[in-house]
Amino acid sequence: MKDSDGAARYRALLDLVVETSLVLGSDLELPTLLAKLVALAERTLDAELSSVMLLDERRQELHWEIADGGLATGVLRQMTVAVGEGIAGTVAATGEPIVVTDAEHDPRVARRVDAATGFRTRSIVCVPIRFRGTVTGVIQVLNKRVGTFTAQDREVLELIAAEAGVASENARVYATLEERVRERTAELRTANAQLTATLAELRQAQAQLVQSEKMAALGHLVAGIAHEINTPLGAVTSNTDVVLRGLGKLAPDVPASRANVLQLLDDLLRTNAEACQRIAVIVRNLQKFARLDEAEWKSADLREGLDSTLALVAHLYRGRIEIVRCYSEAPPVACHPGQLNQVFMNLLVNAIQAIEGQGTISIRLGVDGRDVLIDVEDTGSGIAPEHLTRIFDPGFTTKGVGVGTGLGLAICHQIVAAHGGTIGVTSRPGAGSVFSVRLPLGR
């Protein structure tokens with residue numbers, strides 16, 4: 001009979017080990033694991049209440065972590081037990097389990113806990129939670145429903161406490177790993193943000209370098225063109241004028257039968273003179289656009305800059321796009337004229353390229369308080385909403401490979417910002433776009 005009882009006992013313990021292992025494998029969160037283990041202890045020992053107290057080594061006191069199947073709340077959450085105080089404190093101090101069959105008359109029981117919670121403790125079994133030989137807390141089960149706690153109950157609780165020690169360490173390692181992962185993730189995010197900022201700075205530097213190189217190259221090009229054109233143009237213009245005046249002096253002496261030839265020559269020479277004047281205007285527009293001699297800040301008429309830029313891009317829109325100028329009275333603006341002309345050039349070329357076939361570009365210039373406003377509106381294809389937030393980013397383009405570099409609007413943004421102004425865009429696919437530049441008058 002005794003052998004049969006022993007076999008049944010070991011089977012029960014084996015079943016308990018299996019069930020405990022299943023609990024440990026079900027979760028890695030320490031409160032959840034401990035709650036499941038004390039619930040298992042409470043059910044196995046047929047008790048009214050169970051709890052887990054963890055040890056604060058620095059303060060040498062225990063605090064309730066799990067009570068009554070969940071996180072300790074209310075009075076228990078606020079209470080602590082010093083190592084050596086009461087049953088739990090004694091178990092934590094000695095590392096030895098304690099079974100109390102009559103709590104009402106046992107002087108080791110801490111009465112203040114029952115007084116604070118209103119619970120009446122009749123019997124106790126309390127065992128230490130260890131990991132690698134070190135006490136990390138205690139499990140205690142209160143008030144066996146039938147009879148009192150036995151040595152076998154203590155053994156069962158010790159088995160559960162051993163698993164609780166392993167669970168506590170696993171959860172601690174898991175929490176440490178999670179914290180390290182969070183820290184590493186935060187470091188990576190910070191590094192990524194720094195790299196993104198550095199990349200943006202590099203793109204800005206690239207855009208500024210491209211702008212400087214483009215303006216320098218344009219300056220040299222315009223200077224060379226102006227010199228190479230103006231020299232022979234001056235000779236042609238002067239000679240044409242001399243020949244015209246000479247024909248005028250010869251006219252009275254030419255026979256009537258040759259008068260028509262003289263008139264034809266006069267017409268041809270006047271046509272040459274007009275062509276020379278047009279060439280001179282084009283050269284002046286190039287010089288106004290580049291403004292090579294105006295590297296410093298100066299007051300400039302923005303209407304002159306807009307008109308000279310329009311003259312230079314006329315071949316791109318002539319015959320298919322109507323240009324509507326709406327210029328209000330605006331005082332001169334303190335600026336780098338050549339840089340602002342570059343902004344106008346980029347905005348106008350973009351507007352022209354956005355229009356397929358016939359269309360209209362409206363250019364508005366006006367004053368709003370202490371600012372001058374320039375709007376360039378086109379009736380082109382518009383800009384997709386997802387592109388609007390990136391339209392001024394260096395390197396961003398919607399024109400395709402080999403068509404756009406993605407630097408034009410980025411350069412515009414930098415130039416306008418350097419002038420203390422702002423540039424923005426409103427657009428709707430299929431309904432065109434409006435680029436708005438606002439520059440301060442009192443800079």
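Mind listing the Cα extents of the stretch 28-130 along all three principal axes, in Å, largest one first?
39, 35, 27
When the scattering of the stretch 328-394 is computed by the Debye formula from its Cα atoms alone, each counted once and equally, what is log10 I(q)/I(0) at q = 0.17, 0.20, 0.27, 0.28 Å⁻¹?
The computed values of log10 I(q)/I(0) come out as -0.80, -1.01, -1.23, -1.24.
Fully extended, how many nm does the chain gain between R180 and Q358 (0.36 nm per residue separation, minus their Cα-Cα distance)?
57.9 nm
Amide H neighbours of R428 under 5 Å, counting only residues 5+ apart in sequence or on other chains, H built in-plane at 1.01 Å?
Here I383 satisfy the definition.
Compute the orientation-averaged projected area for the stretch 79-211 from the convex hull of its Cα atoms and round it to one decimal in nm².
Mean shadow area of the hull around the Cα atoms is 13.1 nm².
L49's amide H: which non-local residues (gap 5+, or another chain) put their own amide H closer than 5 Å, with H modeled 1.01 Å from N in plane and none for Pro or chain starts?
The answer is L142.
Cut-off under 16 Å on the C-alpha distance; same-chain residues fewer than 8 positions from K249 excluded. Which aspartates and glutamates are left, in chain and number order?
D241, D266, D267
Suppose the Debye formula is applied to equal point scatterers at every Cα of the stretch 225-283; what is log10 I(q)/I(0) at q = 0.27 Å⁻¹?
-1.04
Please report, for the Cα atoms of the stretch 140-182, the Rg to one decimal and the Dmax as a whole number; what are they, in angstrom?
Here Rg and the maximum Cα pair distance are 16.1, 50 Å.
Go through the stretch 169-181 residue by residue and turn each phi into a ³J(HN,Hα) via Karplus (6.51, -1.76, 1.60, θ = phi - 60°); whole Hz please, and just put x for glycine and proline.
5, 4, 5, 5, 4, 4, 5, 5, 4, 4, 5, 5, 4
For K36, go through the aspartates and glutamates and keep the ones whose alpha-carbon is under 13 Å away, minus same-chain ones fewer than eight residues off.
Those aspartates and glutamates meeting the cut-off are E19, D27, E65, D68, E163.
Which of rounded, prolate or oblate describes the stretch 83-160 when judged by the alpha-carbon gyration tensor and an a/c cut-off of 1.5?
Oblate, because a/c is 1.5 or more while a/b does not exceed b/c.
How do K298, K249, K144 rank by accessible surface area computed with a 1.4 Å probe, from largest to smallest?
K249, K298, K144
What does the highest-first list of 262-273, 417-428, 130-141 look like by mean Cβ count within 10 Å?
Working: 262-273: 13.5, 417-428: 16.3, 130-141: 19.2.
The densest-packed peptide leads the list: 130-141, 417-428, 262-273.
Counting only protein chains, not ligands or nucleic acids, how are M53, M345 ordered by accessible area (probe 1.4 Å), most first?
Final ranking, largest accessible area leading: M345, M53.
Roughly speaking, what is the centre-to-centre gap between the stretch 249-278 and the stretch 75-110 when only Cα atoms are used, to the nearest Å?
Here the answer is 127 Å between Cα centres.
Starting from the amide H of T136, placed 1.01 Å from N in the peptide plane, find each other amide H under 5 Å away whose residue is 5 or more places distant or on another chain.
I129, R130, F131
Give me a comma-separated list of calculated 3J(HN,Hα) values for the stretch 191-205, in order, Karplus coefficients 6.51, -1.76, 1.60 applied at θ = phi - 60°, integers in Hz, x for any Gly or Pro.
The phi angles translate into 4, 5, 5, 5, 5, 4, 5, 5, 4, 5, 5, 5, 5, 5, 4 Hz.
The values are calculated or read from the model by the stated rules, or taken from the named source; none is laboratory data. All of these numbers come straight from a predicted model, not from anything done at the bench. Please note: Cβ atoms are built from the backbone with ideal geometry, for glycine as well, and neighbour counts cover all protein chains shown. The area values use the complete protein model at the heavy-atom level, side chains included, leaving out ligands, DNA and RNA. Shrake-Rupley method; radii C 1.70, N 1.55, O 1.52, S 1.80 Å.
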